[in-house]
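Here the structure is laid out as structure tokens; the discussion comes afterwards.
The values are calculated or read from the model by the stated rules, or taken from the named source; none is laboratory data. This structure is a prediction, so every number in the text was calculated from the model and none was measured. Glycine also receives a Cβ, built like all others from the backbone with ideal geometry; neighbour counts cover every protein chain displayed. Ligands, DNA and RNA are stripped out before the accessible areas are found, and what is left, the full protein with its side chains, is counted by its heavy atoms. Shrake-Rupley method; radii C 1.70, N 1.55, O 1.52, S 1.80 Å.
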Amino acid sequence: MGIGTTEEHQALADSARGLATRTTEHAALAGQGILGLHLPEEGGGQGYGLLELCVALEALGERRVPGPYLPTVLTSAALTWPGPAHPTALPEPEAAHPAGAAVVAGPGVGRSSAVGASLIAGLADGSMTAAVAFPAEGGDPGRVLALGSPEADLFLVAVDGRGWAVLDRADVVAEPADGVDPDRPLCSVTARTVPADRILGEVPVRELAAVLLGADACGVAAWAVRTAAEYAKVREQFGRPIGQFQGVKHRVAAALVTLEQARAAVWDAARALDAVPGGGPGGEIRAEDATGGGLGDKARAEDVTEGGLGGEARLAVAVAGVLGTEAAVRCAADAIQVLGGIGYTFEHDAHRYYRRALSDRMLAGDPGPWAEEVAGLAVAGVRRTMEPDLPEEAAAVRDAIRAEAGSLRAEEPLARLGRFAREGWIMPYLPRPWGRDASPLEQVIIHQEFRDLKRPNLGIAAWAVPSIVRYGTREQQERFLPRTFTGEIVWCQLFSEPGAGSDLAGLATKATRVEGGWSLTGQKIWTSLAQFAHWGICLARTSPEKAKHNGITYFLVDMASPGVTVRPLKEINGDEVFNEVFLDDVFVPDDLVVGAVDEGWRVARDTLSHERVALGDSWGPGSQHTDMAELIATLPPLRQSQREQAGRLWAEGQAISALGLRVTLSKLSGADAATASSVRKLLGMRHAQAISEFCWSLAPASRRWNRMILATRAFTIGGGTTEVQLNIIAERALGLPRDP
């Protein structure tokens, strides 16, 4: 999945990629409308938004297209930013910036002015190019580094007290500057004059740059991941492809995870910028929530809006600043590592992509300050809303579901629970009568309208029920499902064994044919809540002579049966959630076999991999980035390193939430989101551990965080270890060879 999630975005990316394969000429990009994707049609553009521009920039980044297209589209985006121009309202600065530049009076420039319209049209049709000067920390304030050629027609520069200005070449002194990327010219810029009719005002150039450079970086990272994976498939060492070695496989899979996280962050930031109405606030914050807490100085609500960006948009952009360009550096470095010696040669393109990645990160700004900004906004109470934009037909669907929700809300709790079960509201995506045959769109709306109704959490039954619906008999469904939905039956999962954890098909529990059914003998382990369960879904080997994944049958086991022994296991935090379960000649009648005998692996895969539209408000169990922000708000000021770490963790958590929204949108459109789902699960489990570790380091005497740092240690083991998840991502998403 690229930055774009729709078929139209995929077509746009394919078109841009194909064009870049044929030519990299600036005029060709303009001729195909790429330079004007985000510009209004009346200005010669295509009338889309920054998200569409990012989709195209990612595709161009994959081809490492040279030339001035990125500073050109960044400048035109600044010229058309919807915020108000301020030059006539701002007082004259005592000294214009850059140092020594004279300010000439005149009206401000913008899309509504004749000058602005002319500049926008020239940038869109390719007749003009631009360079963008990024003020550096320290150094000579009048001499700044700019992305673009010293021969550019326009220069976007910062002016003290006046925001940003677009200057002609005659207004500046521009000289070539050395950079790490030979395909991307840089120059140093000193302004001589700053005509007031070229002043834009407070435009969020820094934020726009972070998002557009992040999109370019995603393209660089995509090339790096693909190149490393393809090489790992064919390069042989020690008699087999290096992609079979777990160290290589995990490195490439981890790079894909990093890329998908960056794509989600840049995608969400572009959406947030596109949603800014007239440059006004993009998010709301209450004054009583806007306290800096452990970040030191207090943050005020009125400070959350800057440069025409509200808090929510600023937060989304800052998250992209943390994750976007950094991903390219990491992925490109990993590609060189996988390629080995050939990757370090000048002849191979790998070093050029690494150079481009470094250039993107340098220009977008160090991720550290971005992370501090993320932390400050988060602790001040700013939150990024993650809700899908629904089609027009959703209104009628919502009206009907809202009426049903209102009726249920009026019921007494027990009566409401009964209706939940009878009317299919608990798992609405299931077929009737067990669900409501709800489409992905209906599932989203049900989730939104039922938030306060607190439907029961089925636990392990949420995995078992869909398999019983799909493979079970009508008698099994009628016997078990209604009472499961009302909570009368609690389930456990008898899958893992001491010798068959992640390698589940290696199970040794035997099922021997006896009169009227089967006798099960074996040991299961890590069985959650088995001591409370009434029934268990169980895998046992019925034909040991058959191949590993064959000869396994799926049973429903009464946990009160003679021969079932449950022994709780005390975990590192003192809880007893996991159990050992011993099966000693446990009789299971034929009518409790789900699916066909010897074909239980098919049913088990359905249980383990069953997915539906990702509807939850959260991405996983345990501690989350929002819990971290609540803790920090109660603490004394943090050190800078702690603030940066907090911001990075928040950025990761918000990107995981964005990944969840992308999965939902993909499923709404009928697309396959398996890779994003796997990435989200892996990131979520690791992230919960990282949050717990960080929060415990801040509050080691807290009972809650003492408990969470221990409890979350299991997250990267249960349900498939991190290592197995990386293998799955590498093999299924990237096509790396399986171990023999």
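One residue stands out among those in region 696-721 that are among the polar types (S, T, N, Q) and at pLDDT 90 or above: the one that is nearest to the chain's Cα centre (by Cα), which is T712. Scanning region 451-467 for residues that are crowded, with 21+ Cβ neighbours inside 10 Å and more than 25 Å from E478 (Cβ to Cβ) yields no hits at all. Exactly one residue among F578, F582 is open to solvent by 50 Å² or more (accessible area, probe 1.4 Å) and touching a Pro at 6+ places or on another chain (Cβ under 8 Å), and that residue is F578. Only one entry of L529, L507 meets the criterion of being among the aliphatic types (A, V, I, L, M) and either modelled with pLDDT of 95 or more or out of contact with any Asp or Glu (no Cβ under 7 Å at 6 or more places or on another chain) (or both), and that entry is L529. Pairs meeting the criteria (first residue in region 315-337 and over 12 Å from L213 (Cα atoms) and buried (at least 24 other Cβ atoms within 10 Å of the Cβ), second residue modelled with pLDDT of 95 or more and polar (S, T, N, Q), beta carbons under 9 Å, at least 6 apart or on different chains) are L315/Q654; A316/Q654; V319/Q654; C331/T258; A335/T227.
Restricting attention to region 668-677, the residues that are under 12 Å from the mean Cα position of the chain (by Cα) and open to solvent by 10 Å² or more (accessible area, probe 1.4 Å) add up to 2.
Per the listing E58, E52, E62, the residue uniquely modelled with pLDDT of 95 or more and in contact with a Cys (Cβ under 6 Å, 6 or more places away or on another chain) is E58. For the residues A131, A152, A165, A158, the requirement of being in a loop (DSSP other than H, G, I, E, B) and open to solvent by less than 30 Å² (accessible area, probe 1.4 Å) singles out A152. Would you check if K548 is closer than 27 Å to T722 by Cβ and touching a Gly at 6+ places or on another chain (Cβ under 9 Å)? So K548 fits the description; yes. Among residues belonging to region 532-547 that are under 37 Å from the mean Cα position of the chain (by Cα) and under 13 Å from L507 (Cα atoms), point out the one that is surrounded by the most Cβ atoms within 10 Å (Cβ to Cβ). Among residues in region 532-547 that are under 37 Å from the mean Cα position of the chain (by Cα) and under 13 Å from L507 (Cα atoms), the one surrounded by the most Cβ atoms within 10 Å (Cβ to Cβ) is C538.
Tallying residues that are assigned to a loop (DSSP other than H, G, I, E, B) and at pLDDT below 90 within region 138-149 yields 6. If the condition is being in contact with a Gly (Cβ under 9 Å, 6 or more places away or on another chain) and either open to solvent by less than 50 Å² (accessible area, probe 1.4 Å) or among the aromatic types (F, W, Y) (or both), then region 432-448 contributes W434, G435, A438, P440, H447. Going through (1) surrounded by fewer than 16 Cβ atoms within 10 Å (Cβ to Cβ); (2) at pLDDT below 90 one by one, R680 falls short only on (1).
For region 683-702, what are the residues that are crowded, with 22+ Cβ neighbours inside 10 Å and of a type in the set (S, T, Y)? Scanning region 683-702 gives a single hit, S692.
Report whether or not L408 is closer than 21 Å to Q624 by Cα and buried (at least 17 other Cβ atoms within 10 Å of the Cβ). So L408 fails the test. Restricted to region 703-740, and to residues there that are without any contact (Cβ under 8 Å) to a residue 60 or more places away in the chain and open to solvent by 80 Å² or more (accessible area, probe 1.4 Å), the residue that is nearest to Q493 (Cα to Cα) is I717. When A196, A170 are checked against the criterion of being modelled with pLDDT of 95 or more and more than 25 Å from Y353 (Cα to Cα), a single residue qualifies: A170. Residues of region 634-662 being open to solvent by 50 Å² or more (accessible area, probe 1.4 Å), more than 18 Å from the chain's Cα centre (by Cα) and charged (D, E, K, R), which ones? Passing the criteria: R639, R643. Only one of the numbered conditions (1) closer than 24 Å to T325 by Cα; (2) open to solvent by 10 Å² or more (accessible area, probe 1.4 Å); (3) hydrophobic (A, V, I, L, M, F, W, C) is violated by V211, and that is (2). Condition first: modelled with pLDDT under 95 and crowded, with 24+ Cβ neighbours inside 10 Å. Can you find one or more residues in region 90-98 that meet it? Yes, the conditions are met somewhere in region 90-98.
Selection of first residues in region 415-427 that are more than 15 Å from R483 (Cβ to Cβ) and open to solvent by 10 Å² or more (accessible area, probe 1.4 Å) and of second residues that are in a loop (DSSP other than H, G, I, E, B) and not small (G, A, S), restricted to Cβ pairs under 7 Å at least 6 apart or on distinct chains, gives the following pairs, ordered by first then second residue: R419/E411.
Let me confirm something: among T129, T80, which residue is more than 26 Å from A11 (Cα to Cα), at pLDDT 90 or above and out of contact with any strand residue (DSSP E or B) (no Cβ under 7 Å at 6 or more places or on another chain)? Outline the logic, then answer.
Values: T80 fails: more than 26 Å from A11 (Cα to Cα).
When all the criteria are applied, what remains is T129.
Only a single item in (1) surrounded by fewer than 24 Cβ atoms within 10 Å (Cβ to Cβ); (2) under 30 Å from W518 (Cα atoms); (3) modelled with pLDDT of 95 or more is not met by R602, and it is number (3).
Filtering region 529-570 to residues that are in contact with a Ser or Thr (Cβ under 6 Å, 6 or more places away or on another chain) and not small (G, A, S) leaves T542, T553.
For region 168-195, taking the residues that are in contact with a Ser or Thr (Cβ under 8 Å, 6 or more places away or on another chain) and outside any strand (DSSP E or B), the one that is surrounded by the fewest Cβ atoms within 10 Å (Cβ to Cβ) is identified as V180. L665 - would you say it is touching a residue at least 40 places away in the same chain (Cβ under 8 Å) and either open to solvent by 40 Å² or more (accessible area, probe 1.4 Å) or not in a helix (DSSP H, G or I) (or both)? Considered against the rule, which asks whether it is touching a residue at least 40 places away in the same chain (Cβ under 8 Å) and either open to solvent by 40 Å² or more (accessible area, probe 1.4 Å) or not in a helix (DSSP H, G or I) (or both), L665 comes out as no.
Output the residue which, of all residues in region 477-531 that are of a type in the set (V, I, T) and in contact (Cβ under 8 Å) with a residue 60 or more places away in the chain, is surrounded by the most Cβ atoms within 10 Å (Cβ to Cβ). Spell out how you get there, then give the answer.
Filtering region 477-531 for residues of a type in the set (V, I, T) gives 484, 486, 489-490, 509, 512, 514, 521, 525, 527.
Those left that are additionally in contact (Cβ under 8 Å) with a residue 60 or more places away in the chain: 486, 509, 514, 521.
On the way: T486: 16, T509: 22, V514: 12, T521: 16.
Ranking the qualifying residues of region 477-531, first place goes to T509.
Sub-9 Å Cβ pairs linking a first residue in region 1-14 that is open to solvent by 70 Å² or more (accessible area, probe 1.4 Å) to a second residue that is in a loop (DSSP other than H, G, I, E, B) and among the charged types (D, E, K, R), at least 6 apart or interchain, are M1/D672, ordered by first then second residue.
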